[in-house]
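> This is the structure I have questions about; it appears just below.
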Amino acid sequence: MLPLPLPSHIHYELLLQLLERQTITATDQNPNLRQQTQQLIVTLRKAQAQQKHIESICNQTNYPIEYRWSLNPAPNNNNPDEFSSPHS
């Protein structure tokens, strides 16, 4: 069974910290932007909670999870040349 690729938790945390610490304070003069930023924060928190729910289901059913840092697949440790440049 192939593992389920999911975003690493740090992706949510970095976005939320940026929005809560910097973006929201930059919207003090524009209530519409502030409201939209707050909605974005809520949406990201919902996405994070939904992912945790998916992880819980996977854990209960012994379905493997692979946390991803990017869209690129994890390198295959059995083939060290898999991601090397063809010109190296």
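The values are calculated or read from the model by the stated rules, or taken from the named source; none is laboratory data. The structure displayed is predicted, hence computed values, not measured ones. Positions of Cβ are backbone-derived with ideal geometry, glycine not excepted, and every protein chain shown enters the neighbour counts.
> Looking only at segment 1-17, count how many residues are within 14 Å of the chain's Cα centre (by Cα), exposed (fewer than 14 other Cβ atoms within 10 Å of the Cβ) and outside any strand (DSSP E or B).
Selection size over segment 1-17: 6.
> Of the residues 55, 66, 20, which is at pLDDT 95 or above and out of contact with any strand residue (DSSP E or B) (no Cβ under 8 Å at 6 or more places or on another chain)?
20
> Restricting segment 26-48 to residues that are of a type in the set (S, T, N, Q) and assigned to a helix (DSSP H, G or I), which is farthest from residue 6 (Cα to Cα)?
We begin by selecting, within segment 26-48, every residue of a type in the set (S, T, N, Q); these are 27, 29-30, 32, 35-39, 43, 48.
With assigned to a helix (DSSP H, G or I) added as a condition, the list becomes 32, 35-39, 43, 48.
Details: 32: 32, 35: 29, 36: 26, 37: 24, 38: 25, 39: 23, 43: 17, 48: 11 Å.
Of everything passing the filter in segment 26-48, 32 is farthest from residue 6 (Cα to Cα).
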